[in-house]
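Chemist: Sharing a structure with you now.
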Amino acid sequence: MLELTDLRVEVSGKEILNGVNLTIDTAQTHILFGPNGAGKTTLLMSIMGFPEYKVTGGQIRFNEEDVTHLPLHERARLGIGMSFQRPPTIKGLKTRQIIELSGHGGADIDEIAGEVNLGYLLDRDVNDGFSGGEIKRSEMAQLIAQQPSFVLLDEPESGVDLENISLLGGAINKLLQKDMKRQRVNSCLIITHTGYILDYVEADVGHILLGGRISCSGNPREMLGHIKESGYEECAICPSC
Amino acid sequence: MSKLLDDLTKRAEAAIDKKAPFGEDIDLTKYINPSERYEYVENLETLSAEEKERLMAVGIDTKAEQRSGSFIQHDTTVRHRDSTQEGVEVMGTAEALAKYDWMEEYWWKAVAVDQDKYTAHVQLHQNDGYFIRTLPGVKTTFPLQACLYLKEEQITQNVHNIIIAEEGSELHIITGCTTGPHVKEGIHLGVSEFFIKKGAKVSFTMIHGWNENVAVRPRTGIIIEEDGVFLSNYILLRRAHSLQMYPNAYLNGKNSTARFNSIIAVPEGSHVDGGARTYLRAPGAKAEIISRTISTGGTVISRGHMIGEVPGVKAHMECNGLILSEHGIVAAVPELEGRVADVEMSHEAAVGKIAKEEIEYLMARGLSEDEAKSTIIRGFLDVKIMGLPPHLENAIKKAVETGQQGFM
Ligand SMILES: Nc1ncnc2c1ncn2[C@@H]1O[C@H](COP(=O)(O)OP(=O)(O)OP(=O)(O)O)[C@@H](O)[C@H]1O
Ligand SMILES: [Mg+2]
């Protein structure tokens, strides 16, 4: 479904990613770990196609198609969707409207709002004065409306209280068709520090981003255990990488 | 009254060459004073299709279904005036002057006759204007509508409006100013004097729709007494060759309130210099100026001058401008003047292009760049800032949407 080969990306003239190789198959959920500033957000923004994240080498293939230089909105229309770590505020545009726009008119706004406990925010301006957790839920509501087949989630649970994490976990599972075993096609790449989301969403593969590339891949739960125990520093000298 | 009029005429004559401090200085001698008169119409629906279309574009409902009264003036002629609600008076100012001796207590009391050459010209060549008054305690069920329409080529329209909200009354006015579709050049001079008595509330929503080379010089003064509220909404989305206005609000009464909202778009060839000045003269007085301006090639200056004269007043100003074209100019000139210590006055101003992050955020949801931009502009021009009753808000929303199609 998604295939990154030797991907190099620079931001403001500084190379952040220097050769990322990653393959995510149909119906798989992958987890991305890595210390602050490692380039996790950069990787997601590059896959989504933000022009500020300049691809200087390598390739991004989505459903067999080379999308490395495809504009942002066309990637969105092909089925890539993202929830942002720090989305902008848009004054005058209501949360209800952005969810409507994300769903191209086909979404049931009130039902979606109910799913992620967002009803009371629908008439507020997009992200205007939202708390950390409210931003996450608003992002999730937009994604549910958008129905992407490949989902990029940037720390979906950080700053969210336990009750709402379980709510978000449920929403992510629905987005990823986790209840549909065989017909499932949607895939996902999730950034997490705490790993709380693993208690709600079943993941297939974990990766550690370090030094501008994927330094290690494996069972996400085991990896989280290692990171919790010995941190990323151990990781850098791990012989298996 | 005649002694007063003589005196006013003398002062006007002395000011006939007095330039205004802002805006292009316009040579009034190149315009003619209109002579043609038009017949009175009982029913606005009998106006010509083309006239009706122009009226609708500035928010005037010719069916007048949800209106408590209407006033239509073409050039110098009052074509129609009526009020469908008891306690609400609507007529031409000439008629009001003849009817009420007390008019001299209001005539040129909120605007100085010798403020500049434009006020002087209106006094010397006055052709009517509207008189609207709500009697004590009367609240308009629906808004009143008034339209001043420039029909002939190359004329000056010189109107003098008087609006009085008596104690405890509530008055909503929607006013549209426009030109006939074939008028290329002309000037509209409009003096408006508002008197908001104790506990009264007036909302005044003005939609302008001018043609190519029309110049506009409104001159407005608002006197607000104790607990009175004045709410002004101004919308200009079509080209106006040269428009300059700087209404003065005098918050004379305790706890009086004035709010000015404006939504202005200037296409190529438009020069608009607007704003408001508020004098906060009694404890508890509150004033707010909010403007949203967009340039697609023209120049717009949005001013605000808020003067806190006594302790315990509050004033806030917000000027936001978007520049959507390489050579458009948007200027924000906020001025705050506290004349005593205990005042609370603030302003925010931001001018620039649409934030890239906002466009890209929407693009990540599948919108094209153009769709994203127009969505953000629609939000920027959201009429919710105006705090109007829903039916008025809808009328204005429609006007803004139609206007927006024109400049995007
Ligand atoms: N617009 C930018 N200009 C300059 N440097 C940037 C820009 N965006 C990102 N960077 C830098 O790139 C590096 C990677 O940032 P990124 O946001 O991808 O990290 P991250 O792995 O998501 O970290 P975190 O866990 O803190 O979210 C950081 O050093 C960051 O400062
Ligand atoms: Mg990050």
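Chemist: Counting only DSSP beta bridges with both residues in the protein assembly as shown, tell me the antiparallel percent, nearest 5.
Modeler: Numbers: 37 of 183 bridges.
The antiparallel fraction comes to roughly 20 percent.
Chemist: Tabulate in residue order the Karplus-calculated ³J(HN,Hα) for the stretch B:242-251, using 6.51 cos²θ - 1.76 cosθ + 1.60 with θ = phi - 60°, rounded to whole Hz; enter x for Gly and Pro.
Modeler: 8, 10, 9, 7, 7, x, 10, 10, 10, 8
Chemist: Then there's this: What longest region of chain A stays clear of GluC sites (Glu not before Pro) that DSSP places outside H, G, I, E and B and that have at most 14 other Cβ atoms within 10 Å? Before the final figure, lay out the partial values.
Modeler: Details: sites that count: A:52, A:64, A:202.
No qualifying site falls inside A:65-201, the longest such stretch.
Chemist: Leaving ligands, DNA and RNA out of it, report the carbon-plus-sulfur percent of the accessible area of the stretch A:107-241 at a 1.4 Å probe.
Modeler: Details: 3010 of 6150 Å².
Roughly 49 percent of what the probe reaches on the stretch A:107-241 is carbon or sulfur.
Chemist: What accessible area per residue, rounded to a whole number of Å², is obtained for the stretch B:282-389 using a probe radius of 1.4 Å? Walk me through the numbers on the way to the answer.
Modeler: On the way: 4320 Å² over 108 residues.
Value for the stretch B:282-389: 40 Å² per residue.
Chemist: How large is ³J(HN,Hα), in whole Hz, for each residue of the stretch B:190-204 in order, when computed from phi with the Karplus curve 6.51 cos²θ - 1.76 cosθ + 1.60 and θ = phi - 60°, using x for Gly and Pro?
Modeler: x, 9, 10, 10, 10, 10, 10, 7, 3, x, 8, 9, 10, 10, 10
Chemist: If you plug each phi of the stretch B:309-321 into the Karplus form 6.51 cos²θ - 1.76 cosθ + 1.60 with θ = phi - 60°, what whole-Hz ³J(HN,Hα) values come out, in order, with x for Gly and Pro?
Modeler: In residue order, the calculated couplings are 9, 10, x, x, 10, 10, 9, 9, 9, 9, 10, 10, x Hz.
Chemist: Per residue of A:84-92, count partner chain C-beta atoms within 10 Å of its C-beta, then hand back the mean as an integer.
Modeler: Working: counts 3, 0, 1, 4, 8, 4, 12, 9, 13.
Counting other chains' Cβ atoms within 10 Å and averaging over A:84-92 gives 6.
Chemist: Residues of the stretch A:1-151: accessible area per residue at 1.4 Å, in Å²? List each step's numbers first, then the result.
Modeler: Values: 5900 Å² over 151 residues.
Computed with neighbouring chains in place, this is 39 Å² per residue.
Chemist: Report, by chain and number, residues whose modeled amide H sits under 5 Å from the one on residue B:262, excluding near sequence neighbours (fewer than 5 apart, same chain).
Modeler: B:234, B:290, B:291, B:292
Chemist: Label points 7 Å out from Cα along the Cβ direction at residue B:325 and residue A:70: separation in nm?
Modeler: Label-label distance for residue B:325 and residue A:70, simple model: 3.6 nm.
Chemist: Please report, to one decimal in angstroms, the Kirkwood hydrodynamic radius of chain B built from all distinct Cα-Cα pairs.
Modeler: Values: mean 1/r = 0.0465 Å⁻¹.
Kirkwood hydrodynamic radius for chain B: 21.5 Å.
Chemist: Which three lengths, in whole Å and largest first, does the stretch B:156-307 cover when its Cα atoms are put on their principal axes?
Modeler: Between the extreme Cα coordinates on each principal axis of the stretch B:156-307 lie 46, 25, 19 Å.
Chemist: Mind checking which of A:78, A:95, A:26 is farthest towards the positive end of chain A's charge dipole, using Cβ charges of +1 (Lys, Arg) and -1 (Asp, Glu) about the Cα centre?
Modeler: A:78
Chemist: For a distance above 31 Å, tell me the whole-number percent of Cα pairs in the protein assembly as shown that qualify.
Modeler: Numbers: 124603 of 210276 pairs.
Tail of the P(r) past 31 Å holds 59 percent of the pairs.
Chemist: Work out the charge dipole of chain A with +1 on the Cβ of Lys and Arg and -1 on the Cβ of Asp and Glu about the Cα centre, then indicate which of A:133, A:68, A:208 is farthest towards its positive end.
Modeler: It is A:68.
Chemist: Just going by the charge dipole of chain B, with Lys and Arg at +1 and Asp and Glu at -1 on Cβ, which of B:233, B:188, B:58 is farthest out on the positive end?
Modeler: Result: B:233, furthest along the dipole toward the positive end.
Chemist: Please give the FRET efficiency for residue B:184 paired with residue B:335, using the beta carbon to beta carbon distance and R0 = 45 Å, rounded to the nearest 0.05.
Modeler: On the way: r = 36 Å, r/R0 = 0.80.
Computed FRET efficiency for residue B:184 and residue B:335 comes out at 0.80.
Chemist: Please state the charge dipole magnitude for the stretch A:16-85, taken about the Cα centre, from unit charges on C-beta atoms (+1 on K and R, -1 on D and E), reported in debye and rounded to the nearest 20. Don't skip to the answer; put the middle values down first.
Modeler: Numbers: 5 positive and 6 negative charges, 41 e Å.
I would put it at about 200 debye.
Chemist: A follow-up question, please. Return the lysines within reach of residue B:52: Cα separation strictly under 20 angstrom, same-chain partners fewer than 8 residues apart disregarded; answer none if there are no such residues.
Modeler: Once the sequence-local lysines are set aside, what remains near residue B:52 is B:63, B:151, B:184, B:397, B:398.
Chemist: Would you mind working out the magnitude of the charge dipole of the protein assembly as shown relative to its Cα centre, with +1 at each Lys and Arg C-beta and -1 at each Asp and Glu C-beta, to the nearest 20 Debye?
Modeler: Values: 66 positive and 91 negative charges, 74 e Å.
Here the protein assembly as shown has a charge dipole of around 360 debye.
Chemist: Relative to the Cα centre, what is the charge dipole magnitude of the stretch B:2-354, using +1 at the beta carbon of each Lys and Arg, -1 at the beta carbon of each Asp and Glu, and rounding to the nearest 20 debye? Kindly include the intermediate steps, with their values, before the conclusion.
Modeler: Numbers: 37 positive and 49 negative charges, 107 e Å.
The dipole magnitude comes to about 520 debye.
Chemist: Helix-only mean residue ellipticity at 222 nm, the protein assembly as shown, DSSP H runs n ≥ 4 weighted -39,500 (n - 2.57), per residue, nearest 500. What is it?
Modeler: When only DSSP H runs of four or more count, the value is -7000 deg cm²/dmol.
The values are calculated or read from the model by the stated rules, or taken from the named source; none is laboratory data. Given the structure is predicted, the values throughout are model-derived calculations rather than measurements. In this analysis, Cβ positions are derived from the backbone assuming ideal geometry, glycine residues included, and neighbour counts consider all displayed protein chains. These area figures cover heavy atoms from the full protein model, side chains too; ligands, DNA and RNA do not enter into them. Shrake-Rupley method; radii C 1.70, N 1.55, O 1.52, S 1.80 Å.
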